[in-house]
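J.: First the structure, which I've put down as structure tokens, then a few questions once you've had a look.
The values are calculated or read from the model by the stated rules, or taken from the named source; none is laboratory data. Note that the structure is a prediction, hence the values are computed from the model and not measured. Positions of Cβ are backbone-derived with ideal geometry, glycine not excepted, and every protein chain shown enters the neighbour counts. Just the protein is used for accessible areas: all its heavy atoms, side chains included, with ligands, DNA and RNA removed. Shrake-Rupley method; radii C 1.70, N 1.55, O 1.52, S 1.80 Å.
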Amino acid sequence: MDKIIILDKVLPKQTNKDIINFLSRASWEIGDEYNSNIPEEKYANGYRGFLCKTYHETRNPKSTHDILNVYADVIFKKVLEELGIKGKPLRFYWNMYYKDHDTTIHRDVHEKGYKTILYTLQNTDGGVWINQKFYQDVQSQAKIFDSRCLHKGQGPKKDPIRFNLNIVFKEEDDIIL
């Protein structure tokens, strides 16, 4: 469960800039683990950054963010191809953190059999903590780990903003891509 796989140069730098351009016009919401609409519950366990949820298998199967989902799907399929595995996405969540944002430690999924891909869109001095180890943002890099691993995003200290994509998927042997 503690193994973290890192893949570099998943997408071209210009493609990442194009994605950031779309994200700059996206609708964002305050992140929360339990998808609560009650403000007190959103803040009860600490700050979770901003989210743009473009796909969720059960909650939001038809998205209004078709372009962002195409990019997310390309990243997803590229990572699966590089790893030589098959899988089915559970969700595509885009994250945004401003300078000095610090989020809470959490798990993406509590059940066995799910993996998380954190894809970084630009170099920043922010990053992600996974199992108490810090991984700084490296443009076009994907970090893949068991979705039960404790992790948290960390906003940049010097850079003004950081964007990434969080993909949760179920690894399966019999899925046709």
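J.: Looking at region 66-87, can you tell me whether even one residue there is more than 18 Å from Phe22 (Cα to Cα), over 17 Å from the mean Cα position of the chain (by Cα) and free of Cβ contacts under 8 Å to residues at least 40 places away in the same chain?
T.: Taking every residue of region 66-87 in turn, at least one turns out to be more than 18 Å from Phe22 (Cα to Cα), over 17 Å from the mean Cα position of the chain (by Cα) and free of Cβ contacts under 8 Å to residues at least 40 places away in the same chain.
J.: Which numbered condition in (1) assigned to a helix (DSSP H, G or I); (2) in contact with a strand residue (DSSP E or B) (Cβ under 7 Å, 6 or more places away or on another chain); (3) among the basic types (Lys, Arg) is the only one that Arg91 fails?
T.: Exception for Arg91: condition (1).
Condition check ((1) open to solvent by 40 Å² or more (accessible area, probe 1.4 Å); (2) touching a Pro at 6+ places or on another chain (Cβ under 9 Å); (3) aliphatic (A, V, I, L, M); (4) at pLDDT 65 or above) across all residues:
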position: Arg25; (1), (2), (3), (4): yes, no, no, yes
position: Asp32; (1), (2), (3), (4): no, no, no, no
position: Asn35; (1), (2), (3), (4): yes, no, no, no
position: Ile38; (1), (2), (3), (4): yes, no, yes, no
position: Leu51; (1), (2), (3), (4): no, no, yes, yes
position: Ser63; (1), (2), (3), (4): no, no, no, no
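J.: Scan region 121-130 and give yes if some residue there is of a type in the set (Asp, Glu) and open to solvent by less than 60 Å² (accessible area, probe 1.4 Å), otherwise no.
T.: Within region 121-130, one or more residues are of a type in the set (Asp, Glu) and open to solvent by less than 60 Å² (accessible area, probe 1.4 Å).
J.: Hey, another quick one. Could you say which residue among Asp100, Asp108 is of a type in the set (Asp, Glu) and either touching a residue at least 60 places away in the same chain (Cβ under 8 Å) or in contact with a His (Cβ under 8 Å, 6 or more places away or on another chain) (or both)?
T.: It is Asp108.
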